[in-house]
Every structure is written in C-alpha cells, then in structure tokens.
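Derivation of every value follows stated rules applied to the coordinates shown; laboratory data play no part. These numbers were taken from a predicted model, which means no experiment stands behind them. Every residue, glycine as well, gets a Cβ built from its backbone with ideal geometry; the counts of neighbours run over all protein chains shown.
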Amino acid sequence: MGKRLTAVTIKAILAGMSIGIGGVLYLSVDNKYIGAFLFAIGLFCIFSFGFNLYTGKIGFLITEKNKRSFALDLLFIWLGNIIGTGFVALCLRFTRVSSALSAKAQSLCEVKLADNPLSIFILAMFCGMLMYIAAYSYKNGTSPLQKYIATFICVAVVILCSFEHCVANMFYFWISFSFSLKTLAYLIIMTIGNSAGAFIIPALQKLCKESDRSDNN
C-alpha cells in the first residue's frame, strides 16, 4: 500500500502543478475568454499523462467497487494537489512575474472570501458536475475530438460562470498569500461542493439502471 499511495500522491502533485500552470496562464491574460480557454491546458496535461486531480476522480467513487481504498486515494490526491499548487506558487515568488500574478490573484480571492458559504457550495457543486463531465468524456470518448473538446469547453464554462474549483483556488490562495484558517475552511466547503456536484450524474445514472433492472424483473 505504501508504494501505491506514494505513486498516487506523486501523480496528484503533478496534477496540482498542472493546474497551477493553468492558473498562471489565466492570471497573465487580460481577455477573460482567452484566459478561460487557456486555463484548460492544465486539465489537458492531467488527462494526457494520467495525473491525479481530485475533481477529476471524485465522481467515480460512486461506481468504484473498492470504495474504501479509492476514498483513501482521494484523500492523498487532495493533499497532493495542494502541495503541487503550492510548489508552483513558491517557485514563482522568485520570478519577475510574482507581484503581478499575486495582485490579480488577491483580487480574485477577496471576492471569494467575501462570499457566503452557501453561495460557495452551490458554485462549487456546478463546477464538480462539469469536471465529472470532462473526465468521463475523456475516459469514454469515442474520438480524440470528443475527448479534448469536452475538456476545453467544460473548463471554459467553469471559469466564465465563476464556478468554484477547489484545486484552482488552492493555487490562487497560495500565490496571493491568502492562506488562513478561513481560506482552509472555504477550501473544504469548495471540496464538498465539488464532490456533491461530481456525484449527481453517476448517482442518478446508477439509480436509473437499478430501476430498469427492477422493471425487467
């Protein structure tokens, strides 16, 4: 189990770094539509290399047979994601772009932290649903076009709708020096919201299949 969890965590750190790079792209572009599209490079890398992103994995807990083992993986994935985003933010502090990125991220974080927990939860829930759609489409898509269009469209919708993505926000909190007990609490709310949203489609699909079986019997 030790080696398996180590591998899970390393892939999670790499996923966090990928999202961090996507966050840098978003903060570096003035046009929000271009920024929303470019942010998807993070998820593109994660899917292409098989990295572990919490919001890309959590929805599959519903259909996973070994739920206990998978749930433990998810805990290490979340921790790995926060380490990976923090690593990118830490490295950038030694660069010339640090102050500009920090200032932009600070503005974003102020809006998020001024919001109420219910609003944060709902916005995170819809993000979770879209991330599941992206992950499912990449995993089960019948063509490369379907896989990658779903990836980029879902990420763009999340950003343009101001939905809350817990891992992206990890990066924003790190780069803006905004980490505190309140930001940690909000990250937990976002994580719960992302998880709830990711469960909606697979849970209802499972319910429909069970109903169909009952009708056939």
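Side notes on the structure shown:
- Mean Cβ neighbour count within 10 Å, used as a protection proxy, ranking 155-163, 38-46 highest first: 38-46, 155-163
- Ordering of 193-202, 122-131, 11-20 by packing is 11-20, 122-131, 193-202, highest average first (other Cβ atoms within 10 Å, averaged per residue).
- Using alpha-carbon coordinates, inclination of helix 117-140 to the longest axis of the chain, degrees: 60 degrees
- Label-point separation, L113 to L207 (7 Å along Cα→Cβ), nm: 3.8 nm
- Cα-based shape type of the range 156-200, given that a ≥ b ≥ c are square roots of the gyration tensor eigenvalues and the cut on a/c is 1.5: oblate
- ³J(HN,Hα) computed for each position of the range 172-178 - Karplus, 6.51 cos²θ - 1.76 cosθ + 1.60, integer Hz, glycine/proline x: 4, 5, 5, 5, 9, 6, 9
- Taken along the Cα-to-beta-carbon direction at a fixed 7 Å, the label points for L75 and I122 span 3.3 nm.
- Local charge for S28 was computed over the other residues whose Cβ lies under 15 Å away, with Lys and Arg +1 and Asp and Glu -1, and equals +2.
- 3J(HN,Hα) from dihedral phi, the range 48-65, Karplus parametrisation 6.51/-1.76/1.60, rounded to Hz, x for glycine, proline: 5, 9, x, 6, 9, 9, 3, 6, x, 10, 4, x, 7, 4, 4, 9, 5, 6
- 0 to 90° range, to nearest 10: angle between helix 181-216 axis and the chain longest Cα axis: 20 degrees
- Compared with the dominant principal axis of the Cα atoms in the chain, helix 2-28 is inclined by about 50°.
- With the highest mean first, a sort of the peptides 100-109, 73-82 on other beta-carbon atoms found within 10 angstrom per residue produces 73-82, 100-109.
- Value at 222 nm in deg cm²/dmol, rounded to 500, when DSSP H runs of n ≥ 4 in the chain each add -39,500 (n - 2.57): -27500 deg cm²/dmol
- Residues L90 and V29, FRET efficiency given R0 of 25 Å [Cβ-Cβ distance, rounded to 0.05]: 0.65
- Number of Lys pairs (Cα under 21 Å; 8 or more positions apart or on different chains) in the range 59-217: 12
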